[in-house]
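Structure, as structure tokens:
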Amino acid sequence: MNITQKLIFTSCLSFSLPVFATVGGPQSIEVLGYEAKEQKVYLLKHYEDGRGRLPQLYYYQFKNNAHPNKLIQVNSLYINPKTQKVDYDQDDTHFKKELTKIKKRLQPLPTTHAKYHIAVNQKTVQRVPTWYDPKQKQSEFHYTYTVKNQNFKSQQQQATAYQEKLKITQQFMIPQQNKVLVTVQYLGIPYETGYMIEDPVLLLPKK
């Protein structure tokens, strides 16, 4: 094989490899804990796909906050020192160092075994093209729902799923707050064999 043939062969390989690369992966929630002084609950959203991006840090703020249900995204840990811009694909050394500082201030959330259920307020179904063949169709479920029991209730939530199932996977009581944090899991990524997404949902006392 001469040099020209080798270059052509290598080019063909480079164009064919992405076809077999992973395009999707699950998204999971790791609840880190409660910061008593600032009255915050921190959590991480992990993106377990082929990209390998840094997990996204969020928190709920309860101190002097009229909207405690709002999930606040943290950007400061992701500033690339070279570009001074948010960069989720950079080396994780700085991120891990700063995250360790935050974790030292947190106390774990106790789990709760109380019964909570998902109340679907609205569900619509669409037939959409599959990711592998636009001529074929699959069901796409659009949910509007709340999570509740006799004492607590969430605000209205939304989910787009590719299986007809929503499931509560984690349940925590928040210290000193009389609030509950749960995670809801569903098949939210249709690529390949399909991947699960986990969303955090905050429950407040019923009025």
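Summary of packing: across the peptides 115-122, 157-164, the per-residue average of other C-beta atoms within 10 Å ranks them, highest first, as 157-164, 115-122.
Between Lys103 and Asp91, the simple spin-label model (points 7 angstrom out along Cα→Cβ) gives 2.0 nm.
In nm, to one decimal, how far is the His142 label point from the Ala114 one, both placed 7 Å along Cα→Cβ? Between His142 and Ala114, the label points sit 3.3 nm apart.
Annotation: aspartates and glutamates with alpha-carbon distance below 20 angstrom to Lys37 (same-chain offsets under eight excluded): Glu98. Backbone geometry of the range 129-144 corresponds, through the Karplus equation with coefficients 6.51, -1.76 and 1.60 at θ = phi - 60°, to 3J(HN,Hα) couplings of x, 6, 5, 9, 7, x, 7, 9, 10, 9, 7, 10, 9, 10, 10, 10 Hz, x marking Gly and Pro. For the chain, the longest principal axis of the Cα atoms and the long axis of helix 3-20 meet at an angle of about 30 degrees.
Pairs from the list Lys115/Lys179; Lys70/Lys207; Lys104/Lys153; Lys82/Lys103; Lys45/Lys101; Lys45/Lys137 with a Cα-Cα gap above 21 Å: Lys104/Lys153; Lys82/Lys103; Lys45/Lys137.
Where a Cα-Cα gap under 15 Å defines reach, which aspartates and glutamates qualify for Lys165, not counting those fewer than 8 residues away within the same chain? Here the aspartates and glutamates satisfying the reach criterion relative to Lys165 are Glu140, Glu198, Asp199. Any chance you could give the angle, 0 to 90 degrees and rounded to 10, that helix 93-103 forms with the longest Cα principal axis of the chain? Helix 93-103 sits at roughly 10 degrees to that axis.
Only the coordinates and a few stated rules stand behind these numbers; no lab work does. Keep in mind that what you see is a predicted model, and the values were worked out from it rather than measured. Note: ideal-geometry Cβ built from the backbone for every residue, glycine included; neighbour counts use all protein chains shown.
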